[in-house]
Amino acid sequence: MQARVVQNGVPSVTTFARESSSAEDGLLVFLFGLPRSGTTWVGKIFDSHPRTVYKHEPDSFPLEPTMPWAPAVSDTEALRPAALRFLSLLPNINSSRAAGSLPIFPKEYRSDWQSWMHCVSILGTKLISRVFAKELPVLPCCDYDSAFGLRLVWKSINSLGRLGVFFRVANHRKAIVVVRHPCGVIASLKRGLSRGNLRNNPSEDYSLFEMLTRTDVGKRYGLTVSKLQRMQSDERLTWKWVVVHEKAFEDVGDQQDVLFVRYEDICNDPAVLTLKMFDFCGLPWSMQTERFLETSTKPSSTRLAFRKLRSSQLSSDYFAIHKGPVQSATRWHSELQPDEIRRICDVLNCSSLARLYPST
């Protein structure tokens, strides 16, 4: 899976398929959403498929000095070299975070011994990182030429504002955007802050808010940092939700190869929505995925007992993928105060995206 270089020295989008393979090989899937939108669970659903090469938030570090967080699509040509550099590196980003997220699934491009070595490498890098605070790459231990119809899945909570640029730069790609009701997002963020799971308060990230005010969407709403500072924290976070999602809709919403999916719909019917997303990406149904959906949505009595033993460790479940999905999607109704819900919905109703949640 080596990057190819075009004549001007700028790496092109890497394809890990053999040169003579069909167009069904080597598809790049953008799986984007905002933090706390359920993308980790959806990402592992895709990772559970034996024909996916899954990269978990490889953009958690700064991509490029020249790649803004929410660039205008009119700047695509200026940003093309930086976007191509990152996309060419993407298949080979094997940090513990990007290539070692748990659980680990068998793949068609790994033999039994390669799977065993891959697992040992993941567990070893995590142990070294925890004990010695040293980051080592995960060994991929794979033979991509041994499998057909592979999909490279880039899961991100950091690049939704960049989707328009990356989508125009990449060839042979699909995009899935996971959208969660802003009340659900904000309730989850509040829970994370109260438990100490989040290092920084996202409602006070004014450098990010300043970038949002400079977007066409932010300007259209007349948003400024000073206006946002005078708002309640839940209103600021809702405006972030509105601006980023509206920007994504406007940047790529009219493209055939883009699918917007509500997190709540996935929670209500995981199998049907997974089949829809797999179909969209040209992936056949997998019994391995079916088993993962069963275990991740219906925790066993053993897992429930284990959770009770760890009940004092409140952070243990915050980033977990084994949850009751319907409860996860609706718990904000009991977590948020009525005045918080009203403020969030007042901002949401300013946006055309309120049509996604007509009952609130």
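Pairs linking a residue in the stretch 344-359 that is more than 16 Å from residue 223 (Cα to Cα) to a residue that is crowded, with 17+ Cβ neighbours inside 10 Å and among the aromatic types (Phe, Trp, Tyr), with Cβ atoms under 8 Å and 6 or more positions apart or on different chains, are 353/249.
Taking residues in the stretch 63-83 that are touching a residue at least 60 places away in the same chain (Cβ under 8 Å), and partners anywhere that are of a type in the set (A, V, I, L, M) and in a loop (DSSP other than H, G, I, E, B), the pairs with Cβ atoms closer than 6 Å and at least 6 places apart or on different chains are 81/10. For the stretch 209-234, residues that are assigned to a helix (DSSP H, G or I) and either farther than 27 Å from residue 73 by Cα or at pLDDT below 95 (or both) total 3.
Yes or no, residue by residue, for (1) surrounded by 19 or more Cβ atoms within 10 Å (Cβ to Cβ); (2) within 28 Å of residue 35 (Cα to Cα); (3) assigned by TED's automatic domain parsing to the domain that holds residue 170:
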{"position": "56", "(1), (2), (3)": "yes, yes, yes"}
{"position": "62", "(1), (2), (3)": "no, yes, yes"}
{"position": "104", "(1), (2), (3)": "no, yes, yes"}
{"position": "110", "(1), (2), (3)": "yes, no, yes"}
{"position": "114", "(1), (2), (3)": "no, no, yes"}
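Scanning the stretch 309-360 for residues that are at pLDDT 75 or above, over 20 Å from the mean Cα position of the chain (by Cα) and of a type in the set (Gly, Ala, Ser) turns up 334, 351, 352, 354, 359.
Number of residues in the stretch 89-131 that are small (Gly, Ala, Ser) and over 20 Å from residue 51 (Cα atoms) equals 5.
Is it true that residue 250 is in a helix (DSSP H, G or I) and in contact with a helix residue (DSSP H, G or I) (Cβ under 6 Å, 6 or more places away or on another chain)? No. For beta carbons closer than 7 Å, sequence separation of 6+ or different chains, a first residue in the stretch 198-213 that is in the same structural domain as residue 237 (by TED's automatic domain parsing) and a second that is small (Gly, Ala, Ser) and surrounded by 14 or more Cβ atoms within 10 Å (Cβ to Cβ), the qualifying pairs are 198/192; 203/233; 211/70; 212/70; 212/218. Being touching a helix residue (DSSP H, G or I) at 6+ places or on another chain (Cβ under 7 Å) and within 28 Å of residue 202 (Cα to Cα) is the filter here; which residues of the stretch 45-56 pass it? Once the filter is applied, which keeps residues that are touching a helix residue (DSSP H, G or I) at 6+ places or on another chain (Cβ under 7 Å) and within 28 Å of residue 202 (Cα to Cα), the stretch 45-56 yields 45, 54, 55, 56. Within the stretch 279-299, being farther than 15 Å from residue 268 by Cα and among the acidic types (Asp, Glu) holds for 279, 290.
The values are calculated or read from the model by the stated rules, or taken from the named source; none is laboratory data. Small disclaimer: the values here were computed from a predicted structure and weren't measured. No Cβ is skipped: glycine too gets one built from the backbone with ideal geometry, and neighbour counts run over all protein chains shown.
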